[in-house]
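For reference, the structure discussed in these notes is given below.
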Amino acid sequence: MKITVQQLIDELNLEVVTKSADLSRPITEPMLSRPGMELTGHTEYYKSRTKRRVQIIGTKEWSYLNSLDTETLKTRLAVILTEDTPCLVFSNNFEIPSAMEGLAEEVGVPLLRCDKDTSELFSAIFNFLQEELSPVESVHGVLVDVNGIGVLIKGKSSIGKSETALELIHRGHQLIADDRVDVYEKEPGMIVGRAPELLKKFIEVRGIGIINVVEMFGARAFRHKKRVTLIIELEDWTPGKEYNRIGLADDHERLFSTDITKIIIPVRPGRSIASLIEVAAMNHRLKTMGYNAAESFTNQLNDFIKNKKSE
């Protein structure tokens, strides 16, 4: 996985200081580097992988650079301005020393800056790179935001996933992706889903065709990405099969290194799948808030049995 410096510039609206630098340089490392010790001459741990990271120059680094004479400055900068370095980004719209501009121009490393403070800049770049450079898997299904819960609807082709999503959108919920969902692990325990660029805002309904949900229902009907916290598997109703009727134990499906709660909903004529998914999402939210209806019912039943025995 890789992106270019130009993509980073476009995303964060960064100012390009070195006009002749190569903005197509690749960024392959999701981690960032703040070269504090390296600028003091301590380079023992400045390895090749660190050199491939976006370098952030914040208040401390900038103040130190301005305290150096020209020759020392060039010597120290030569360590972090290499052929492998994607770019250097300055926070707070700092004035960049001319000696640094000249050295960067020679090596071809872009110098960038913005008006964000160092912490805000670091966080913005880190979040962007984590999303863009994380391994991505494509999942066949539909991702919708139901009352704040990211629900991934799965099931065999023609089971009714898109029709269910359309009904949910009609009820005021939001579509993230239809047919194919690109998912990635932003961090352990957090799976995020989004639509492939080509499929954004579109949904396919058999018998009607392709629908643009934004044009039809308004901007509120679509969001670009959403954390996946619940998986709903739709399957044809199988007579004789035991389905979960109480809900004491949750099933899970693993995506990357994260286990996601999974519910199987059998589909048969007369069942409102959209309503069931709404209830499943709200019930999942209650569980995350500490209330489990199945446990409450079981405890109430046990108390009833004990009272009957004591009578």
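The values are calculated or read from the model by the stated rules, or taken from the named source; none is laboratory data. All values reported here derive from a predicted model rather than from experimental measurement. So basically every Cβ, Gly included, is an ideal-geometry build from the backbone, and we count neighbours across all protein chains shown. To get the accessible areas, we keep the full protein, side chains included, count just its heavy atoms, and leave off ligands, DNA and RNA. Shrake-Rupley method; radii C 1.70, N 1.55, O 1.52, S 1.80 Å.
PRO239 falls short on exactly one of the conditions (1) part of a helix (DSSP H, G or I); (2) open to solvent by 40 Å² or more (accessible area, probe 1.4 Å); (3) farther than 23 Å from ASP145 by Cβ, and that condition is (1).
Please determine, by comparing only the residues of the stretch 42-73 that are basic (Lys, Arg) and modelled with pLDDT of 85 or more, which one is most open to solvent (accessible area, probe 1.4 Å). Ranking the candidates gives LYS60 first. For the stretch 284-311, the set of residues classified as modelled with pLDDT under 80, surrounded by 10 or more Cβ atoms within 10 Å (Cβ to Cβ) and not in a helix (DSSP H, G or I) consists of ASN292 only.
Scanning the stretch 97-109 for residues that are open to solvent by 10 Å² or more (accessible area, probe 1.4 Å), in a loop (DSSP other than H, G, I, E, B) and in contact (Cβ under 8 Å) with a residue 60 or more places away in the chain yields one hit, GLY108. Residues of the stretch 63-85 include none that is under 18 Å from LEU14 (Cα atoms) and among the hydrophobic types (A, V, I, L, M, F, W, C).
State the number of residues belonging to the stretch 165-217 that are of a type in the set (Asp, Glu) and assigned to a strand (DSSP E or B). Talk me through it step by step, then tell me what you get.
The initial filter retains those residues of the stretch 165-217 that are of a type in the set (Asp, Glu), namely 167, 178-179, 182, 185, 187, 197, 204, 215.
Okay, now just the ones that are also assigned to a strand (DSSP E or B), so 182, 185, 187, 204.
Qualifying residue count for the region: 4.
Just one of PRO30, PRO35, PRO26 is in contact with a Ser or Thr (Cβ under 9 Å, 6 or more places away or on another chain), open to solvent by less than 30 Å² (accessible area, probe 1.4 Å) and touching a residue at least 40 places away in the same chain (Cβ under 8 Å); which is it? Steps first, answer last, please.
Working: PRO30 fails: open to solvent by less than 30 Å² (accessible area, probe 1.4 Å); PRO26 fails: open to solvent by less than 30 Å² (accessible area, probe 1.4 Å).
On inspection, the qualifying residue turns out to be PRO35.
Can you go through LEU68, LEU23, LEU73 and tell me which one is part of a helix (DSSP H, G or I) and aliphatic (A, V, I, L, M)? Break it down into steps so the answer makes sense when it comes.
Details: LEU68 fails: part of a helix (DSSP H, G or I); LEU23 fails: part of a helix (DSSP H, G or I).
From the options LEU68, LEU23, LEU73, the qualifying one is LEU73.
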